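Take a look at the structure set out below.
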Amino acid sequence: MKREERQALVDVLLACPSINDRKRRDNIIDELSNDIKHNIKRSDVDRDEVANLVKACLNYPDGLQELTEVIVSFEGATSIPLQAVKQLVASQPSPPQTQTQPPSGDNFDMSSDFRNATINIKSTITGQQGGVPLQRPARHPQFRHQLSIFVASPGDVRDERERVHRIVEEMNQPDALADQYGLTLQVLDWRNAIPGAGQPEAVILDQLQLESWDIFIGVLWHRFGSPTGGQDPTTGRFYDSGTEEEFRLAFRAWQETGRPHILTYRRTVAPVALSDIDPEQLTKVQYFWEEFGPDGQHPDLFQQYETPDNFERRVRGDLIKLLAKLK
């Protein structure tokens, strides 16, 4: 691949928010196949590292296509830079069928279609084509719609809660997914509430009104939480935890109004120190998940994961799909 062609591809990749930001780029690289990601020479210089990423992808059939698909899973498919990446990848010729070794990133011969695509790559990034500004999606901040995401979770999944905040912060960046859809995402959890007199859960729910929740994210591992003093208005039973109360309120609201959209996640691996497991807490967690079956009190589809990294990838993908429907 010629130097100027590779530079053009690096330029447009660096215009993608998920590649330009180092932390987000690390997540992208982590999602690539082992053959590719283990052959990327890491660098503290962004341009050098992205150039090495391109070279590693070119060394494997469909490597650039794989990279594009991973970027789409992180930021959606509608950004102008990502459209340019797709244009370049689509114009890349397939390697010969008889080839047994992956092509070299330095010697891979690009088609004329690819070279023609690189001619316009600078104009795609800068928003100019033939001296005429490209039409970017119109944004009207005064008409932006806010979506609230309520997160319910006990203390043992603190990391997962922080991951949700990070994902939303990324999606709210200029030209990122929420911005493209004309949305502003807001995460709500107990930390948004200010101190007040009364039972803590009642104070939280009084300030973070159920009617404002557009999406509910519930996360459980091996702890269920502590009783809140609240009672189920239907059964009169006292809730066993704030997480349970928040989930049951959200589920009942969904049954009655169709919102909030409910996303629930279960961490399945045992904690490193088995002494961290409280048998009573774990029993409550297990009973709660049993109620998700077809004949349970709250039949619902939930997703399982093993690590916070798995959780972050799962939630990011689910939110990308969900926001496309809610925009």
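Here are a few things to note about the model shown:
- Whole-percent carbon and sulfur share, accessible surface of region 161-257, 1.4 Å: 53 percent
- The stretch between L301 and R314, if pulled fully straight at 0.36 nm per residue, gains 3.3 nm over its current Cα-Cα span.
- Residue separation of H145 and S43 scaled by 0.36 nm, minus their Cα-Cα distance, works out to 32.8 nm of gained length.
- Separation of alpha-carbon centers, region 277-327 and region 1-39, rounded to whole Å: 32 Å
- Hits among aspartates and glutamates - C-alpha to C-alpha of K325 under 18 Å, sequence gap 8 or more where chains match: E75, D179, D214
- Accessible surface of region 260-327 [probe 1.4 Å, protein heavy atoms]: carbon and sulfur percent: 51 percent
- Heavy-atom surface of region 215-256, accessible at 1.4 Å and reported per residue (Å²): 41 Å²
- Extension gain for V203-E291 works out to 28.9 nm (0.36 nm per residue, less the C-alpha to C-alpha distance).
- Cα centroid separation, region 219-246 to region 173-200 (Å): 23 Å
- In percent, rounded to a whole number, the relative contact order of region 225-307 is 23, using alpha-carbon pairs under 8 Å and six or more apart.
- Pairwise Cα separations in region 27-79 fall into 10 Å bins from 0 onward with the following percentages, short to long: 26, 54, 20.
- Sorting the segments 240-252, 148-160 by their residues' average number of neighbouring beta-carbon atoms within 10 angstrom, most packed first, yields 240-252, 148-160.
- Per residue, the accessible area of region 284-327 comes to 56 Å² when a 1.4 Å probe rolls over the protein heavy atoms.
The values are calculated or read from the model by the stated rules, or taken from the named source; none is laboratory data. The structure presented is a predicted model; accordingly, all values stated were derived computationally and were not measured. Here the Cβ is made from the backbone with ideal geometry for all residues, glycine too, and neighbour counts use every protein chain on show. Surface areas here come from the heavy atoms of the whole protein model, side chains and all, with no ligands, DNA or RNA. Shrake-Rupley method; radii C 1.70, N 1.55, O 1.52, S 1.80 Å.
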